Amino acid sequence: MLAGKRILIVIGGGIAAYKVLEVIRRLKERGAEVRVILTRSGKEFVTPMTVGALSGEKVFSDLFDPTEEQDIGHIVLSRDTDLILVAPATANLIARMANGIADELATASLLAAAAPIIVCPAMNQRMWAHPATQRNAAQLAADGVRFIGPAEGRMAERGEAGVGRLSEPMEIVAGVESFFAEREQPKPLAGRHVLVTSGPTIEPIDPVRFITNRSSGKQGHAIAAAAARAGACVTLISGPVSIPDPKGVDIVRVETARQMLEAVMAALPADVAVMAAAVSDWRPAAVAQEKIKKAAGDPPPLSFIENPDILATLGHGRQRPKLMIGFAAETTDVKANAARKLAAKGADYIVANDVSPESGVFGGDRNSVHVLSAAGVETWPTLGKDEVAERLIALIVERLR
Ligand code: CTP
């Protein structure tokens with residue numbers, strides 16, 4: 001996996017710098033070409049001699065060394081590489097990176113970098129927890145920098161422990177390997193726009209009350225993430241959920257069914273639509289402008305009107321995506337009910353699941369589904385929601401081919 005990969009390591013000035021020597025060895029063992037820049041303070045912890053002996057390459061450190069600049073130069077150094085690993089990344093180095101400060105060869109090279117960057121933080125737990133460091137790390141993450149660690153454990157300072165330690169060398173090597181594995185995965189949905197709805201909708205009764213359902217958004221979010229991993233450009237339109245945003249997708253947050261429909265229409269055109277949201281079929285007929293008071297006497301009546309059917313609107317609409325997948329949440333007669341929805345909603349596939357409380361599907365991590373299409377019914381074994389997502393993406397790739 002790492003054979004021939006050019007990795008530039010920036011070693012910062014932290015006590016954990018010695019652990020990076022082991023990282024260099026392990027990366028070299030796996031066939032990577034490793035070049036190293038030492039920061040000025042990095043040199044206080046490991047010597048250019050040791051690092052050079054391990055990497056088998058000249059070690060760089062000084063921005064103003066005329067021979068170094070002529071040999072290779074900081075621009076080439078940071079361009080001519082597949083990955084830049086910053087380890088240990090001290091609080092100071094992270095702060096400089098986050099602010100675009102180029103005050104020595106290491107930071108100038110990071111600023112000039114075209115290659116992806118992985119940062120492995122290492123510092124005292126109080127420095128890591130400090131709002132300034134957290135702000136800087138969040139800024140780097142927003143800039144597309146990835147992180148390995150920091151890990152939790154004992155600190156160099158006697159009696160101190162917490163989150164801030166450099167990850168173990170083999171964890172760093174594994175992180176580097178999975179970075180390349182992910183990057184080299186085939187991207188069969190590259191150039192496709194995939195629309196996914198996920199989560200519940202909530203329908204207000206008054207300014208403080210609403211009705212909703214038990215959808216967690218786990219299945220829809222897993223599908224959006226899998227589509228993004230397959231290279232698609234993904235728009236995820238989600239009702240309120242309490243799970244993290246999937247990586248690499250555009251999220252549109254909505255609350256009501258009508259907002260979800262509007263967001264879906266605004267996101268068109270799309271090649272594929274996967275409607276995994278549990279849309280409320282009805283909404284309260286009137287939304288009270290003020291909180292409904294508990295007046296003496298009878299509880300207030302609630303009456304409902306029907307919400308638009310998003311899947312059917314799209315499935316029978318003018319801008320219908322080439323491929324449309326709906327879900328069917330059923331508690332009885334799963335297959336028969338799903339078959340009706342296939343035709344009624346103009347979908348190519350209906351993924352039917354049993355959401356009766358004993359199935360544990362709503363809110364759970366696993367799903368047992370039947371996949372219905374014009375070709376018939378396929379019953380999949382009980383799988384994790386991530387695996388259901390992967391299989392669906394494979395089906396989509398196959399159908400689009
Ligand atoms: N759906 C939708 N808009 C709605 C209701 C449902 O887009 N207003 C979509 C769901 O996202 C799902 C499919 O339609 O992909 C089926 O949802 P489900 O709740 O199972 O079916 P309903 O049409 O609501 O039928 P019923 O409540 O009678 O089972």
* Asked: In terms of modelled amide H atoms, which long-range or inter-chain residues lie less than 5 Å from the amide H of F327?
  -> M275, V351
* For helix 257-267, report the angle its Cα long axis makes with the longest principal axis of the Cα atoms of the chain; keep it between 0 and 90° and round to the nearest 10°. => 50
* Asked: Remind me, relative contact order of the chain in percent, using alpha carbon pairs under 8 angstrom and six or more residues apart?
  -> 11
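What does the highest-first list of 206-213, 172-179, 183-190 look like by mean Cβ count within 10 Å?
Most protected by this proxy first, the peptides run 172-179, 206-213, 183-190.
Can you compute the FRET efficiency between T332 and R253 using 1/(1 + (r/R0)^6), with r the Cβ-Cβ distance and R0 = 45 Å? Round to the nearest 0.05.
0.85
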* Neighbour net charge for A87 - beta-carbon separation under 13 angstrom, K R +1, D E -1 -> +1
* Report, as a whole number in µm² per second, the diffusion coefficient that Stokes-Einstein gives for the chain at 20 °C and 1.002 mPa s using the Kirkwood radius over alpha carbon pairs. => 88
* Tilt of helix 385-400 relative to the longest C-alpha principal axis of the chain, in degrees (0 to 90, nearest 10)? -> 80
* Asked: Cβ under 15 Å from G346's Cβ, G346 left aside: what net charge do those residues give with Lys, Arg +1 and Asp, Glu -1?
  -> +4
* Peptides 337-343, 278-284 ordered by average Cβ neighbours within 10 Å, highest first -> 278-284, 337-343
* Structure fact -> The helix 131-142 Cα axis meets the longest alpha-carbon principal axis of the chain at an angle in degrees, between 0 and 90 and rounded to 10, of 70
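If we sort 249-255, 326-332 on the protection proxy, mean other Cβ atoms within 10 Å, highest first, what's the order?
326-332, 249-255
Give, in nm to one decimal, the length gained when the segment between A286 and E184 is fully stretched (0.36 nm per residue of separation minus the Cα-Cα distance).
That works out to 31.4 nm of additional length.
Every read-out reported here was derived from the displayed coordinates using simple, explicitly stated rules and does not represent laboratory data. These figures come from a predicted structure and were not determined experimentally. Backbone-built Cβ (ideal geometry, glycine too); neighbour counts: all protein chains shown.
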